[in-house]
Amino acid sequence: MAYTDNFVADFLPLVEDLAGAESANFSKALFTKTFLASDITKKHTVVTGVRNGSLVPIITDQPNYEAFPFVDASSCDTTECGINATYSGVKWKLGLISCRVPICLRTFNENFLIFFNSYKMLNPAKVDRVYLKTALLQYITNLVANSLEAAKWRVEYFAEDGHASPLLKGFDGWFAQAEAVPSLVVDIPKNAAANYAAQQMTGQEIYDLFVAMEAKYLEQEWANTLPVELRVTKKMATTLAAYLNTLKDTACCDGVERLNPDNIATKSFYYDKMAFHGIPIVPMPEWDAIINNVGVLNGGGGAAAARVNPNRALLTSKTNLLIGTEERDMLSMLEIFYEKKDKKVYIDAEAYLGAAIPQREYILGI
């Protein structure tokens, strides 16, 4: 799909006089504070050297609690003990996400070119040394790069190998893998509500969810053996913080701590500075953006449309959320080139990656 905008239809009609035309310049444009997906590698563990179909080897070093029995101290006889190592593995499935954005340098509206302080791009000899360095091409390239980063978040968390949409069908993402083990899942009833408004959780319900997730977490042998986080949607984190700030008596929710010393002084809860019984609560705004902006997840959009599981929480460690790829630079492949035959600039962007939760060391709320 080519680059598209509403410049001629919606922006130019706003220019009514010379003063308006003077201010209609890219360098003076105010950008809407659109949420941009962060670098996914910062919050997850990247594993390189991964081939499609290769295994994540897992060695369980559980000690033998029935070893070393009492023996006769007056005898030289020895007692043999069995010490076992358990090996297992998770098979990687990698997928390629890819887009090509064609740009015809000759089709831009003249007023649009003035806005970007650019000129009609007619001379093929100037493509590499002039045209590709213009603010216009740099702006479009950044849009492509940001969209690729958003796509990586989408597939790593929300992909389902059996899904009908090519936006999700490729491999099982972290949510699908975690949901496949019912004993580690805490159900969120409101996700099944008929519309988006009815799906909204209250602050008390979110707190109760954390209590249920912690209870299941503490049942596991791996509890308190490694640093974990409670990753939640930004909507859930802000709702909980707002709820706690309205309470005069916080006895119901004493398990939630303020992590910022300034918050303690003001006795305020901030959505991104909280912990639950010492477990950091980490808001994941990328989840919210994907749930609300991907058609197969947002019910077609609109305030009333029910989302696909808009309330999500995942208690695990960063080291248990693996991004697999052959080489690290294959996570962000971006190329810009000019094709003389059709006189177009192409931006190719791709990523070759997979997702794995190698250990059953997580609790999913969904």
(request) Could you grab me the full set of residues in the stretch 171-194 that are at pLDDT 95 or above and assigned to a loop (DSSP other than H, G, I, E, B)? (result) PHE171, ASP172, GLY173, ALA180, VAL181, ASP187, ILE188, ALA193
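Please tell me if ALA145 is touching a strand residue (DSSP E or B) at 6+ places or on another chain (Cβ under 8 Å), open to solvent by 30 Å² or more (accessible area, probe 1.4 Å) and either touching a residue at least 12 places away in the same chain (Cβ under 8 Å) or more than 30 Å from ARG328 (Cα to Cα) (or both).
So ALA145 fits the description; yes.
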(message) I'd like to verify a number: residues in the stretch 321-331 that are outside any strand (DSSP E or B) and within 15 Å of the chain's Cα centre (by Cα), how many?
(response) 2
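Which ones in the stretch 264-288 are outside any loop (DSSP other than H, G, I, E, B) and modelled with pLDDT under 95? Write out each step before concluding.
Taking the stretch 264-288 as the starting set, the residues that turn out to be outside any loop (DSSP other than H, G, I, E, B) are 264-266, 274-276, 279-288.
Once the filter is applied, which keeps residues that are outside any loop (DSSP other than H, G, I, E, B) and modelled with pLDDT under 95, the stretch 264-288 yields ILE264, ALA265, THR266.
Can you tell me which residue in the stretch 321-337 is farthest from ASP288 (Cα to Cα), limited to those that are open to solvent by 20 Å² or more (accessible area, probe 1.4 Å) and not charged (D, E, K, R)?
PHE337
Return the residue satisfying two criteria in turn: it lies in the stretch 165-197 and is without any contact (Cβ under 8 Å) to a residue 12 or more places away in the chain and closer than 20 Å to VAL296 by Cα, and of such residues it is farthest from the chain's Cα centre (by Cα). Write out each step before concluding.
Of the residues in the stretch 165-197, the ones without any contact (Cβ under 8 Å) to a residue 12 or more places away in the chain are 166, 169, 180, 182-183, 189, 192.
Filter again for closer than 20 Å to VAL296 by Cα, leaving 166, 169, 192.
Numbers: PRO166: 18, LYS169: 16, ALA192: 22 Å.
Going through the qualifying residues, I end up with ALA192.
If you check THR233, THR238, which single one turns out to be β-branched (Val, Ile, Thr), touching a strand residue (DSSP E or B) at 6+ places or on another chain (Cβ under 9 Å), without any contact (Cβ under 8 Å) to a residue 60 or more places away in the chain and closer than 26 Å to ASN191 by Cα?
Working: THR233 fails: without any contact (Cβ under 8 Å) to a residue 60 or more places away in the chain.
Of THR233, THR238, the one residue that is β-branched (Val, Ile, Thr), touching a strand residue (DSSP E or B) at 6+ places or on another chain (Cβ under 9 Å), without any contact (Cβ under 8 Å) to a residue 60 or more places away in the chain and closer than 26 Å to ASN191 by Cα is THR238.
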(request) For the stretch 333-358, enumerate the residues that are farther than 16 Å from VAL47 by Cβ and not in a strand (DSSP E or B). (result) LYS340, LYS341, ASP342, LYS343
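Matching residues to (1) in a strand (DSSP E or B); (2) at pLDDT 75 or above:
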| site | (1), (2) |
| --- | --- |
| THR41 | no, yes |
| VAL50 | no, yes |
| VAL56 | yes, no |
| VAL71 | no, yes |
| CYS81 | no, yes |
| GLY89 | yes, no |
| SER98 | yes, yes |
| VAL101 | yes, yes |
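Take the stretch 338-365 and flag every residue that is out of contact with any Leu (no Cβ under 9 Å at 6 or more places or on another chain) and either open to solvent by 50 Å² or more (accessible area, probe 1.4 Å) or at positive phi (or both). Spell out how you get there, then give the answer.
Our first condition is that a residue be out of contact with any Leu (no Cβ under 9 Å at 6 or more places or on another chain); within the stretch 338-365, this holds for 339-342, 346, 359.
Across the stretch 338-365, the qualifying residues are GLU339, LYS340, LYS341, ASP342, GLN359.
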(message) Looking at (1) aromatic (Phe, Trp, Tyr); (2) part of a helix (DSSP H, G or I); (3) open to solvent by 60 Å² or more (accessible area, probe 1.4 Å), which one does TYR217 not meet, given that it meets all the others?
(response) (3)
(message) Which numbered condition in (1) over 25 Å from SER38 (Cα atoms); (2) assigned to a loop (DSSP other than H, G, I, E, B); (3) acidic (Asp, Glu) is the only one that ASP208 fails?
(response) (2)
(message) I need the full set of residues from the stretch 70-122 which are open to solvent by 90 Å² or more (accessible area, probe 1.4 Å), without any contact (Cβ under 8 Å) to a residue 24 or more places away in the chain and polar (S, T, N, Q), in order please.
(response) SER74, THR78, ASN84, THR107
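Among the residues of the stretch 229-240, are any out of contact with any His (no Cβ under 8 Å at 6 or more places or on another chain), polar (S, T, N, Q) and open to solvent by 60 Å² or more (accessible area, probe 1.4 Å)? First the steps, then the outcome.
Step one: list which residues in the stretch 229-240 are out of contact with any His (no Cβ under 8 Å at 6 or more places or on another chain), which gives 229-240.
Restricting the remaining residues to those that are polar (S, T, N, Q) gives 233, 238-239.
Add one more test, that the residue is open to solvent by 60 Å² or more (accessible area, probe 1.4 Å), and what stays is none.
Scanning the stretch 229-240 turns up no residue that is out of contact with any His (no Cβ under 8 Å at 6 or more places or on another chain), polar (S, T, N, Q) and open to solvent by 60 Å² or more (accessible area, probe 1.4 Å).
The values are calculated or read from the model by the stated rules, or taken from the named source; none is laboratory data. Computed from a prediction, not measured in an experiment: that's the story for all the values here. Backbone-built Cβ (ideal geometry, glycine too); neighbour counts: all protein chains shown. The area values use the complete protein model at the heavy-atom level, side chains included, leaving out ligands, DNA and RNA. Shrake-Rupley method; radii C 1.70, N 1.55, O 1.52, S 1.80 Å.
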